[in-house]
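Before any comments, here is the structure.
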Amino acid sequence: MLSFRECTLIKLDKTFGLTQIDESPILQDWLDGKIEISDFERQSLMMYQKTLIRYVDNWNEAELTQNFIAPVFTLVNFSSKIFSLFAQRKFGGVVDGIEMGGKPDGIIAKGFREPEKTYFCFQEYKKEKDPEGDPAGQVLAAMLVAQEFNEHKHPIYGCYVKGRDWFFIVLERKKYCISLGHLATRNDIFDIFRILKVLKQIVIHLVKLEM
């Protein structure tokens, strides 16, 4: 079995014949999506950001998660009786005859008490310096499994964090595209939040297509 934690972009490219592309209309539409951010949300983000700026160089992964990443996701509110944000759940499947699995740090999936069909994978809260493993490879590995469960009917969305930097990724069949980094300690924080709110609308749309 291939563990998500073992995966790197190089390993996945060679094993599954994947290609990283420089531009993707699907990724660009996601990143450019328009949605309103309320005054309350802006004030909350500025409060989270102030804490991030002060402590990000000293936090470990769990502290970064609890003090910054989790509050941002909670502010978007991905939880409903139809789909939810799940964390550290066992997740695995078979891709091109190879069994893969692990516990992604976060997935957004159809389901109430347990994940049923995954649309988004969020992986590995890594420090910017000397990270262990390849967070891009780990999130892409989970996305490949999610793509199998969705029978390749639509793109799979993902994100990984390295300290201050957030990277967004889309996978469609054998091609994937990764955004430039969005720096959460600067005004990019509002773009990060907007992109996550747009993601919520994308997930709502995908769920409706299946109903």
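The values are calculated or read from the model by the stated rules, or taken from the named source; none is laboratory data. Quick caveat: nothing in here was measured; it's all calculated off a predicted structure. Note that each Cβ is placed from the backbone with ideal geometry, even for glycine, and that neighbours are counted across all protein chains shown.
Summary of values
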item	result
Residues satisfying the stated conditions in region 20-53, i.e. of a type in the set (Lys, Arg) and either modelled with pLDDT under 95 or not in a loop (DSSP other than H, G, I, E, B) (or both)	42, 50
Residue tally, condition exposed (fewer than 13 other Cβ atoms within 10 Å of the Cβ) and outside any helix (DSSP H, G or I), over region 1-19	3
Residue list for region 1-19, restricted to those being charged (D, E, K, R) and either at pLDDT 95 or above or under 19 Å from residue 168 (Cβ atoms) (or both)	11, 13, 14
Enumeration of residues in region 74-94 that are touching a helix residue (DSSP H, G or I) at 6+ places or on another chain (Cβ under 7 Å), within 15 Å of residue 106 (Cα to Cα) and assigned to a helix (DSSP H, G or I)	76
Strands (runs of 3 or more DSSP E) wholly inside region 135-211 that include at least 3 residues being among the hydrophobic types (A, V, I, L, M, F, W, C) and in contact (Cβ under 8 Å) with a residue 24 or more places away in the chain	156-162, 165-172
Filtered residues of region 169-180 (kept if at negative phi, over 13 Å from the mean Cα position of the chain (by Cα) and surrounded by fewer than 20 Cβ atoms within 10 Å (Cβ to Cβ))	172, 174, 175, 180
Selection within region 134-159 - of a type in the set (Phe, Trp, Tyr) and modelled with pLDDT of 95 or more	157
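Residue-by-condition table, conditions (1) more than 19 Å from the chain's Cα centre (by Cα); (2) of a type in the set (Lys, Arg):
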site: 9; (1), (2): no, no
site: 25; (1), (2): no, no
site: 42; (1), (2): yes, yes
site: 47; (1), (2): yes, no
site: 55; (1), (2): yes, no
site: 69; (1), (2): no, no
site: 78; (1), (2): no, no
site: 85; (1), (2): no, no
site: 94; (1), (2): yes, no
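Each row is one residue, and each column tells you yes or no for (1) buried (at least 18 other Cβ atoms within 10 Å of the Cβ); (2) among the basic types (Lys, Arg); (3) on the phi > 0 side of the Ramachandran plot.
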position	(1), (2), (3)
61	no, no, no
67	no, no, no
70	no, no, no
73	yes, no, no
79	no, no, no
83	yes, no, no
89	no, yes, no
94	no, no, no
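Conditions tested, residue by residue: (1) among the polar types (S, T, N, Q); (2) more than 18 Å from the chain's Cα centre (by Cα); (3) at pLDDT 95 or above.
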residue	(1), (2), (3)
66	yes, no, no
73	no, no, yes
81	no, yes, no
97	no, yes, yes
111	no, no, no
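Yes/no per residue for (1) small (Gly, Ala, Ser); (2) surrounded by 18 or more Cβ atoms within 10 Å (Cβ to Cβ):
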residue: 133; (1), (2): yes, no
residue: 137; (1), (2): yes, yes
residue: 145; (1), (2): no, yes
residue: 163; (1), (2): yes, yes
residue: 199; (1), (2): no, yes
